[in-house]
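Enquirer: Handing you this structure, nothing more for now.
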Amino acid sequence: MPASALTKCTVGQQVLDPLGKTGVIDWSGGDFCRVKYEGGVMHGWTAASLKAEEKPAKPDAGISSSATVATGKSAGETRNAALDDMVLRPAARSLVYHADRLGHFELTATINGRPIRVVVDTGATVVSLSLADAAAVGIDTGSLAFTVKTNTANGQSRVAPVILRNVSIGSISVDAVHAVVNKNLNQSLLGMSFLSRLRGFEIREGSLTISR
């Protein structure tokens, strides 16, 4: 019986993506999943586009063995190679960024109409702004309430929740993005509250591809 689409993301679950590739969910944002594949490649999908992986089916009787003769590979290997090409080919309205020497993806996002340098952080639940960047995008930092506790690499911190009017990268634009302002942050982070609103994103071999 065909596997049904997921209704939610469960960390650790093995899934089959729309391209027929198998991976494991390593981050959950409710109905948005980050899937990790062999080799460390990561891609974002909505839960509804994924299926729980089932046991491999028996080879299709109708597949001709001529594929093996012509290419030297089995039909399954040929099909997987084609899927790999699909993953690497940027979709319409996609942007590609390359990691710096430290492996970070730093780019300029337009937040509330102002250019802000951010580091893409798929481990951050929401977009996080430094105090200076928050002021630069028009947020009245003096009226913020730093009431939410959060754990960071530097220990526990208090942040102020805000909603950004708009966040854009190139031609990709998202309205009403949940974010926080962190007084202890020196570099603003582009987190999952923005990334999960995209059609998808992929990190592969030092490149980040974002599509919407």
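The values are calculated or read from the model by the stated rules, or taken from the named source; none is laboratory data. All values derive from a computational prediction rather than experimental measurement. Glycine gets a Cβ as well: all are built from the backbone with ideal geometry, and neighbour counts include every protein chain shown.
Enquirer: Please go through region 6-51 and give me each residue that is touching a strand residue (DSSP E or B) at 6+ places or on another chain (Cβ under 7 Å), surrounded by fewer than 19 Cβ atoms within 10 Å (Cβ to Cβ) and assigned to a loop (DSSP other than H, G, I, E, B), ordered by number.
Expert: T10, V11, G12, Q13, D31, Y37, V41
Enquirer: Now for a different question. Restricting the search to region 169-188, which residues are assigned to a strand (DSSP E or B) and farther than 15 Å from A136 by Cβ?
Expert: I169, I172, S173, V174, D175, A176, V177, H178, V180
Enquirer: Tell me, please, whether a residue that is modelled with pLDDT under 90, β-branched (V, I, T) and within 25 Å of H43 (Cα to Cα) can be found in region 147-156.
Expert: Within region 147-156, one or more residues are modelled with pLDDT under 90, β-branched (V, I, T) and within 25 Å of H43 (Cα to Cα).
Enquirer: Based on this model, can you work out whether A160 counts as surrounded by fewer than 14 Cβ atoms within 10 Å (Cβ to Cβ), farther than 25 Å from I25 by Cα, at pLDDT 90 or above and in contact with a Leu (Cβ under 8 Å, 6 or more places away or on another chain)?
Expert: no
Enquirer: Given the criterion on the phi < 0 side of the Ramachandran plot, under 20 Å from the mean Cα position of the chain (by Cα) and charged (D, E, K, R), identify the matching residue among D133, D121.
Expert: Just a single option satisfies the conditions, and that option is D121.
Enquirer: Within region 131-153, can you find the residues that are of a type outside the set (A, V, I, L, M, F, W, C) and either farther than 19 Å from L190 by Cβ or not in a loop (DSSP other than H, G, I, E, B) (or both)?
Expert: D133, D140, T141, G142, S143, T147, K149, T150, N151, T152
Enquirer: Are any residues in region 134-151 loosely packed, with under 14 Cβ neighbours inside 10 Å and either within 20 Å of V119 (Cβ to Cβ) or of a type outside the set (S, T, Y) (or both), and if so, which ones?
Expert: If the condition is that a residue be loosely packed, with under 14 Cβ neighbours inside 10 Å and either within 20 Å of V119 (Cβ to Cβ) or of a type outside the set (S, T, Y) (or both), then G138, D140, G142, A145, V148, K149, N151 are the ones that fit.
Enquirer: If I go through region 189-212 residue by residue, how many of them are part of a strand (DSSP E or B), of a type outside the set (K, R) and more than 11 Å from G44 (Cα to Cα)?
Expert: Matching residues across region 189-212 total 4.
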